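S.K.: Can you read through this structure? Questions will come right after.
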Amino acid sequence: MQVYISGKFFDKENAKVSVFDHGFLFGDGVFEGMRSYNGKVFRLREHMIRLWNSAKAIMIEIPITLEAMESAVNETLKINDIKDGYIRLIVTRGIGTLGLDAHLCKEPQIIIIADHLALYPKEHYDKGLEIVTAATVRTNPSMVSPQIKSLNYLNNILAKIEGHQAGCVEVLMLNTKGEVAECSGDNIFIISKGKLHTPPPEAGILEGITRQTVLEIAVDMKIPVKEAPMTRHDIFVADECFLTGSAAELIPVVKLDGRPIGDGKPGAMTKKLLDRFHEETKK
Ligand code: PMP
C-alpha cells in the first residue's frame, strides 16, 4: 500500500507523521471518508467542499488547491490500483509545540490513504440493524459544530462504545434538546406514511454526502421529504428506518431500544432507495 503524505508517496510501513503534529496531540485537524466505485470517487467535489468548509471553520489553510487535492486523491487510488474502495483524507494542523497554540503550527499535513472496502457484513443489510440510544449526547453546535468533520471524534466514539456494550454496531445520538441527531458515524432517516423524514442540520449533525444524495434521489422519485426535528417516538412508530454513510451506503434499522420498527424487517422503500442509490454510484 502506498500512502500519500503532503506530496509524496510512502510504503505503509514508512507512512508516518510526527508525534508533535497537533492532529495527534489534540485531534486538531479535519478529514473526509470517501468511496470509490469502479475507480471513480463518489461525489468527490462535494467531499472537497465539505473538507474546505471544515478547515475554514477551524482556521486551517489547506496548502494546495481544491483541484490539486482531487488529483492527489485520484492518484492515490490509481497507484494502489483500487477500483472499489474507501479513501481517508486527513488534513492536520501540522507540527507545533506541546502547547495548544495553533498559530505555531506552520505546515498543515495532508494524508491520503486508499484501501479496499470493509463494508458492514451482508447479513446486516439483509436482516437490518438493531440499535440503542446512547446516553452520550451529540456535541452541541454552540460548543463545536458537528458540521465540522474534525479529527476529534471522542463524542461519537464514546457513544459507539455504549452501543458495543449493548451488542449493537451503531448507536443513536440525541442532541441537547433531546431530539434525534444522528448515529455515531451515520445519518438517520425514517419513512412514515410514504414520507421520508430526517433531522435538519440545525439538529446538530454532520451533513452527510450520502444523506444529501438520498434527499436528491427521493425528490427524483417523487417521495415527499421532510427535514424537521425528530424524536425517538417518531422512530418507534415509523414504518421504516435506515442509516446513511459513505461506507454503509443505506443500511436498514429494524429495532430501536427494543422496539421493532414497522414489521421489524428491512422496509420496501428503503430497498428501493438503496437500489436507486446504487444506480447513482454507477454514473
Ligand atoms: N455523521 C457522522 C458523525 C459521520 O462521521 C458520518 C461519516 N462517517 C456521517 C454522518 C455520514 O456522512 P457521509 O454520508 O458523508 O459519509
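S.K.: From the list VAL17, VAL3, VAL73, which one is among the β-branched types (Val, Ile, Thr), more than 14 Å from the ligand (Cβ to nearest atom), within 24 Å of GLU280 (Cβ to Cβ) and touching a residue at least 24 places away in the same chain (Cβ under 8 Å)?
M.R.: Values: VAL17 fails: within 24 Å of GLU280 (Cβ to Cβ); VAL3 fails: within 24 Å of GLU280 (Cβ to Cβ).
VAL73 is the lone residue from the list that is among the β-branched types (Val, Ile, Thr), more than 14 Å from the ligand (Cβ to nearest atom), within 24 Å of GLU280 (Cβ to Cβ) and touching a residue at least 24 places away in the same chain (Cβ under 8 Å).
S.K.: Can you find a residue that is hydroxyl-bearing (Ser, Thr, Tyr) and either outside the structural domain of ARG259 (by TED's automatic domain parsing) or within 25 Å of LEU25 (Cα to Cα) (or both) anywhere in the stretch 155-176?
M.R.: No - not one qualifying residue is present in the stretch 155-176.
S.K.: Hey, another quick one. Looking at the structure I just gave you, is ARG50 surrounded by 13 or more Cβ atoms within 10 Å (Cβ to Cβ) and of a type in the set (D, E, K, R)?
M.R.: Values: surrounded by 13 or more Cβ atoms within 10 Å (Cβ to Cβ): yes; of a type in the set (D, E, K, R): yes.
Spelling it out, ARG50 is indeed surrounded by 13 or more Cβ atoms within 10 Å (Cβ to Cβ) and of a type in the set (D, E, K, R).
S.K.: Separate question: Criterion first (over 23 Å from the mean Cα position of the chain (by Cα) and either buried (at least 18 other Cβ atoms within 10 Å of the Cβ) or farther than 20 Å from ARG43 by Cα (or both)) does GLY99 satisfy it?
M.R.: Spelling it out, GLY99 is indeed over 23 Å from the mean Cα position of the chain (by Cα) and either buried (at least 18 other Cβ atoms within 10 Å of the Cβ) or farther than 20 Å from ARG43 by Cα (or both).
S.K.: In this structure, is LYS177 of a type in the set (Lys, Arg) and in contact with an Asp or Glu (Cβ under 8 Å, 6 or more places away or on another chain)?
M.R.: No; evaluated as a whole, the condition is false for this residue.
S.K.: Please give the number of the condition GLU162 fails out of (1) at pLDDT 95 or above; (2) closer than 22 Å to ARG35 by Cα; (3) among the charged types (D, E, K, R).
M.R.: For GLU162, the exception is condition (2).
S.K.: So which residues in the stretch 230-263 are within 16 Å of the ligand (Cβ to nearest atom) and charged (D, E, K, R)?
M.R.: GLU249
S.K.: Looking only at the stretch 172-181, filter to residues that are closer than 19 Å to PHE236 by Cα and away from the ligand (no atom under 11 Å from the Cβ); which one of those is surrounded by the fewest Cβ atoms within 10 Å (Cβ to Cβ)?
M.R.: That would be GLY178.
S.K.: Given the conditions (1) surrounded by fewer than 19 Cβ atoms within 10 Å (Cβ to Cβ); (2) more than 16 Å from the ligand (Cβ to nearest atom); (3) of a type in the set (Val, Ile, Thr), which single one is not true for ILE112?
M.R.: It is condition (1) that ILE112 fails.
S.K.: Please list, ordered by residue number, the strands (runs of 3 or more DSSP E) wholly in the stretch 1-106 having 1 or more residues that are within 24 Å of LEU206 (Cα to Cα).
M.R.: 29-37, 85-92
S.K.: Okay, next question. What's the number of the condition LYS193 fails, among (1) over 25 Å from PHE277 (Cα atoms); (2) away from the ligand (no atom under 15 Å from the Cβ)?
M.R.: Result: LYS193 fails condition (1) only.
S.K.: With respect to PRO266, is the statement that it is in contact with a Pro (Cβ under 9 Å, 6 or more places away or on another chain), more than 23 Å from ALA118 (Cβ to Cβ), more than 16 Å from the ligand (Cβ to nearest atom) and not in a strand (DSSP E or B) true?
M.R.: no
S.K.: Give the stretch 115-160 a look and list any residue that's among the acidic types (Asp, Glu) and surrounded by fewer than 17 Cβ atoms within 10 Å (Cβ to Cβ), or say none. Don't jump to the end; show me each part of the working.
M.R.: Within the stretch 115-160, the first condition is being among the acidic types (Asp, Glu), and the residues that meet it are 115, 123, 126, 130.
Correct list: ASP115, GLU123, ASP126.
S.K.: Please verify whether ILE157 is within 27 Å of GLY258 (Cβ to Cβ), within 12 Å of the ligand (Cβ to nearest atom) and touching a Pro at 6+ places or on another chain (Cβ under 9 Å), treating the condition exactly as stated.
M.R.: So ILE157 does not fit the description; no.
S.K.: For the list (1) of a type in the set (S, T, N, Q); (2) within 9 Å of the ligand (Cβ to nearest atom); (3) within 20 Å of PRO224 (Cα to Cα), I need the number of the one condition that SER184 fails.
M.R.: Going through the list (1) of a type in the set (S, T, N, Q); (2) within 9 Å of the ligand (Cβ to nearest atom); (3) within 20 Å of PRO224 (Cα to Cα), SER184 breaks only (3).
S.K.: Right, another one. Going residue by residue through the stretch 123-132, is there one that turns out to be assigned to a loop (DSSP other than H, G, I, E, B) and in contact (Cβ under 8 Å) with a residue 12 or more places away in the chain?
M.R.: Step one: of the stretch 123-132, the residues assigned to a loop (DSSP other than H, G, I, E, B) are 128.
From what's left, in contact (Cβ under 8 Å) with a residue 12 or more places away in the chain: 128.
Yes, there is a match, as at least one residue in the stretch 123-132 is assigned to a loop (DSSP other than H, G, I, E, B) and in contact (Cβ under 8 Å) with a residue 12 or more places away in the chain.
S.K.: Do we have any residue at all in the stretch 201-219 that's in the same structural domain as ALA159 (by TED's automatic domain parsing), of a type in the set (Ser, Thr, Tyr), in contact with a Leu (Cβ under 8 Å, 6 or more places away or on another chain) and surrounded by 15 or more Cβ atoms within 10 Å (Cβ to Cβ)?
M.R.: Yes, because at least one residue in the stretch 201-219 is in the same structural domain as ALA159 (by TED's automatic domain parsing), of a type in the set (Ser, Thr, Tyr), in contact with a Leu (Cβ under 8 Å, 6 or more places away or on another chain) and surrounded by 15 or more Cβ atoms within 10 Å (Cβ to Cβ).
The values are calculated or read from the model by the stated rules, or taken from the named source; none is laboratory data. Keep in mind it's a predicted model, so treat the numbers as computed, not measured. Cβ sites come from the backbone with ideal geometry, for glycine too, and all protein chains shown count toward neighbours.
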